[in-house]
2 protein chains.
Amino acid sequence: MSGYVRNLAEQARAASSVLAALDGAARQALIDAMAAQLDAQRDAILAANAEDLQRAAAANLSAAMIDRLKLDPARLSAIADALREVALQADPLGAVTRSETRPNGLLIERQRVPLGLIAMIYEARPNVTADAAALCLKAGNAVLLRGGSEARASNAAIAACLHAALRAQGLPEAAVSLIEDPAREHVLELLQLSDLIDLAIPRGGEGLIRFVAEHARVPVIKHYKGVCHLYVDRAADPALALNLLVDGKASRPGVCNALETLLVHRDIAERFLPDALAALAARGVQVRGCERTRALAGEHSAAIAAADDSDYAAEYLDLIIAARVVDDLDEALAHIARFGSDHTEVIATEDAATADAFVRRTRSSAVMVNASSRFNDGGQLGLGAEIGISTTRLHAYGPMGVESLTIERFVVRGEGQVRHAESLTNRE
Amino acid sequence: MSGYVRNLAEQARAASSVLAALDGAARQALIDAMAAQLDAQRDAILAANAEDLQRAAAANLSAAMIDRLKLDPARLSAIADALREVALQADPLGAVTRSETRPNGLLIERQRVPLGLIAMIYEARPNVTADAAALCLKAGNAVLLRGGSEARASNAAIAACLHAALRAQGLPEAAVSLIEDPAREHVLELLQLSDLIDLAIPRGGEGLIRFVAEHARVPVIKHYKGVCHLYVDRAADPALALNLLVDGKASRPGVCNALETLLVHRDIAERFLPDALAALAARGVQVRGCERTRALAGEHSAAIAAADDSDYAAEYLDLIIAARVVDDLDEALAHIARFGSDHTEVIATEDAATADAFVRRTRSSAVMVNASSRFNDGGQLGLGAEIGISTTRLHAYGPMGVESLTIERFVVRGEGQVRHAESLTNRE
């Protein structure tokens, strides 16, 4: 261990106390100033990004990776606007969330405080540098950022803007600390700093996330993948279910809230599946189906591969879906319990009791009744920008907004109350 | 790794689904039945406890350890009564905690669900076996218990009662799984089971807790120690402050919410400290003080050892306290930031602005204004029984009641809403 990251983290931790003491207006002004700096430094950021893109091309990175890396004036404006939206969000700190007066007259309040120092470990997208910093600062935290080496020039240029805004407000630059050296050993060092880092959030591919989870001695909130299911109940409205299927699979297949598996009650399979398979085929979606699915596929049956367990466990992130006919709700739930990833489950049904049973008997972070899986997103669920999605059933479960970067503590107000009044007088 | 613990954990995890599907009345009846079993099996439990006590005496365990281990009819009744209180608590599950209708008509609800499988790793006190199981079950979780080897017969006898109640309700005994084999390697095995265990809670001495934190690949919520401070502000009521000091230090010095350090504003030191030191001396409390404290001690000065940094960092858990005169609130806060353990801080002051500044600028799990540190306790703060105290700034911070064994997830109710309506019609 070089101590390089520990040194950065110590400075960031010291800065976290300064951040925590700021009032909401000061944090809002700071994030607005960061957005203004991003606008003002557009040319410098784009020049840095061009450097990253040139290196990416030379290294033969995939077109998808290069697209994630690429900035242009419109994307940069969108990043600055996203910061302005975070600035405008309600202040998550300080407000009393609950309060109770005890029989002894003590007033017990719950109040949100910052977590402290948050480490973000992420891959190609340089917008995360700005987004994550803004969300952490909005909640009064300092942040330690470790972006992907492929985006290092872009990340440094964005961080320079954030630092300029901190300086202009008389605040320590270390409140946003960037690990610029791309060596992977620095991630390992970071993950050991349990005395300094309150939470690490990895964002990226499953490989990165497993690496972080495997090596972390600091708390980690993560999601590995989204194996999201649509269960079409016997009492489903077939047209409604078809809309959920097409939106869930085909509107943006590369995201974690896209559908990966279709489960169909046997009583509706004959009515629903032929249309569903035709609609999927029309959108170029490959289907991997059980025997009953293939039997109902008609002209499409030849195109449907036989599904096995690995298909049901897969997060395709592509125009591929697994399909299975089930005997009843129990079998659908057993399938989800076995193959699901606690991300998002959807039921299409007009039967309220079945909907309630489905909600009660799934424990995923989001359960949708007659709504698309694609709504499992911080913005869509009313949280504002999200710093990540958690399928860790601790602290936060589902999309994480600014509130999930805080914690409730106890504030007790009394007039001299003590537990053992007798101890005050005895032996005197 | 023997697989012994993995096998137990797999069964417990399977049982957690059964528990999660029970309604609140069934969970309440189950815990009541467990209390009744403890009453009915009193003789068997006391006989098992006698075995543990005999082994403890032979092993020359300390008197304090033997006291923690010992059960008698009154203590057993108290354990059963504690279970009945847990049974009576409000059901933490299912209720909608927040709800919002989005512009697109989606109803977004937040709802508490169980964490899943919770592992408790604890030392001598056999009551934890019953308490922890009841709290976990109340919140719909299964629990995997690993008690101290010195209490193994008592723990097994108590677990037998819990199993009898589970059996009588037709529920899997594995919902309360006890690791009976005392080998320490089983704790190591347990701590690796990140695919099965949602949360591990260690309870016991700092050594046990550091061992768990060091080796865990599962999420851990813990507190190492309680280095709790009383800051006597210049605007304190001296009599009130004296009560807080004596209650905080002398009413029960061996607990984590006892005071360990007294900080006194220099402007009130002359008026407050001589009385305070006399009151502490009268209760047999040893003081380790700064130079200014010793100068004000008068007849007691010879008895006051000079304090160094290790005294300020210590959790004495005994009739010993460190004392320091500070120049102002800033110095008090800097002391707390440097030596504190995020557990409990107290201010005595009649000045509302100073009280607010102290609350705002400390981030400990509980901050008390004119109230004893000893109120940092689940029961005293209105949570009911506590499963532990967290100074981990994640998920729960402070005493953890039954609610902290649950997590909020999202339930979305719609009428067929989709994100990208255009994808439903294009290419058809």
Using only Cα atoms, tell me the angle between helix A:42-58 and the longest principal axis of chain A; keep it within 0 to 90° and round to the nearest 10. 50
Using a 7 Å Cα-to-Cβ projection, A:ASP267 label spacings across copies, nm, ascending: 7.8
Please turn the phi angles of region A:139-151 into ³J(HN,Hα) values with the Karplus equation 6.51 cos²θ - 1.76 cosθ + 1.60 (θ = phi - 60°), one per residue in order, whole Hz, x for glycine and proline. 8, x, 9, 8, 9, 10, 10, 10, x, x, 5, 5, 10
If the chain between B:LEU188 and B:GLU270 were fully extended at 0.36 nm per residue, the gain over the current Cα-Cα distance would be 24.2 nm
Projected-area mean, chain A, by convex hull of Cα positions, square nanometres: 27.0
Non-local amide H neighbours of B:MET368 (under 5 Å, H modeled in plane, Pro and chain starts lacking H): which ones? A:VAL412, B:GLU345, B:VAL346, B:ILE347
Put +1 on the Cβ of every Lys and Arg and -1 on every Asp and Glu Cβ in chain B; which of B:VAL218, B:LEU381, B:LEU259 then has its Cα farthest towards the positive end of the dipole? B:VAL218
Which of the aspartates and glutamates could be linked to B:LYS70 by a straight reach, that is with a Cα gap under 18 Å, when you skip same-chain ones fewer than 8 residues away? B:ASP39, B:ASP43, B:GLU51, B:ASP52, B:ASP81, B:GLU123, B:ASP131, B:GLU150
With runs of 4+ DSSP H residues as the only contributors, calculate the mean residue ellipticity of the protein assembly as shown at 222 nm using -39,500 (n - 2.57) per run, divided by the residue total and rounded to the nearest 500. -13500 deg cm²/dmol
Where does helix B:206-215 land angle-wise versus the long Cα axis of chain B, in degrees 0 to 90, nearest 10? 40
Output row for A:ALA278: copy-to-copy label distances, label 7 Å along Cα→C-beta, ascending, in nanometres, one decimal, is 9.7
With +1 on the Cβ of every Lys and Arg and -1 on the Cβ of every Asp and Glu, the dipole magnitude of chain A about its Cα centre, in debye rounded to the nearest 20, is 680
Relative to the compact globular guide of 2.2 N^0.38 Å, what is the alpha carbon radius of gyration of the protein assembly as shown, as a ratio? 1.01
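Assign unit charges at the C-beta atoms only (+1 for Lys and Arg, -1 for Asp and Glu), then state the dipole size of the protein assembly as shown relative to its Cα centre in Debye, rounded to the nearest 20.
340
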A correct Karplus calculation of ³J(HN,Hα) over region A:18-31, with 6.51 cos²θ - 1.76 cosθ + 1.60, θ = phi - 60°, whole Hz and x for Gly and Pro, returns 5, 4, 5, 7, 6, 7, x, 5, 5, 5, 4, 4, 4, 5
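With +1 on each Lys and Arg Cβ and -1 on each Asp and Glu Cβ, how big is the dipole of region B:4-222 about its Cα centre, in debye rounded to the nearest 20?
400
Please report the relative contact order for chain A, taking Cα pairs under 8 Å with a sequence separation of at least 6, and give it as a percent rounded to a whole number.
That works out to 17 percent.
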Could you give the angle, 0 to 90 degrees to the nearest 10, between helix A:127-138's Cα long axis and the longest principal axis of the Cα atoms of chain A? 50
Quick calc: nm separation of the 7 Å Cα→Cβ label points for A:ARG75 and A:ALA239 -> 4.0
Apply the Karplus curve 6.51 cos²θ - 1.76 cosθ + 1.60, θ = phi - 60°, to the phi angles in region B:375-382 and return the couplings in whole Hz, x for Gly and Pro. 7, 7, 7, x, x, 5, 8, x
Unsatisfied cross-links (Cα-Cα over 31 Å) in the set A:LYS138/B:LYS249; B:LYS138/B:LYS249; A:LYS138/A:LYS225; A:LYS138/B:LYS138: A:LYS138/B:LYS249; B:LYS138/B:LYS249; A:LYS138/B:LYS138
Dipole axis of region A:88-210 (+1 Lys, Arg; -1 Asp, Glu on Cβ), positive-most option in A:LEU93, A:GLY148, A:ILE209: A:LEU93
Given label points at 7 Å from Cα along Cα→Cβ, what nm distances, shortest first, separate B:ARG55 from the same residue in every other copy? 6.0
Given N residues in region B:227-345, what is Rg(Cα) / (2.2 N^0.38 Å)? 0.92
Select the chain B residue whose beta carbon lies nearest to the rotation axis carrying chain B onto chain A, and write the distance in whole Å. B:HIS395, 2
Isotropically averaged projected area of region B:4-222, using the convex hull of Cα atoms (one quarter of hull area), nm²: 13.3
For the residue pair B:ARG252 and A:ALA306, what label-to-label distance in nm results when each label sits 7 Å from Cα along the Cα-to-beta-carbon direction? 6.6
Using mean Cβ contacts within 10 Å as the protection proxy, how do B:52-59, A:170-177 order, highest first? A:170-177, B:52-59
Whole-percent carbon and sulfur share, accessible surface of region A:228-375, 1.4 Å: 45
On the formula 1/(1 + (r/R0)^6), with r taken between the Cβ atoms of A:ASP356 and B:ALA14 and R0 of 30 Å, the FRET efficiency rounded to 0.05 is 0.80
Among A:ALA239, A:SER62, B:ALA371, whose Cα lies farthest out toward the positive end of the dipole of the protein assembly as shown, if unit charges sit on the beta carbon of Lys, Arg (+1) and Asp, Glu (-1)? A:SER62
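The values are calculated or read from the model by the stated rules, or taken from the named source; none is laboratory data. Here the structure is a predicted model, which is why all the values come from computation and not from measurement. With ideal geometry, Cβ positions are generated from the backbone for all residues, glycine too; neighbour counts draw on all protein chains shown. Note: accessible area is taken over every heavy atom of the protein model, side chains too, but ligands, DNA and RNA are not part of it. Shrake-Rupley method; radii C 1.70, N 1.55, O 1.52, S 1.80 Å.
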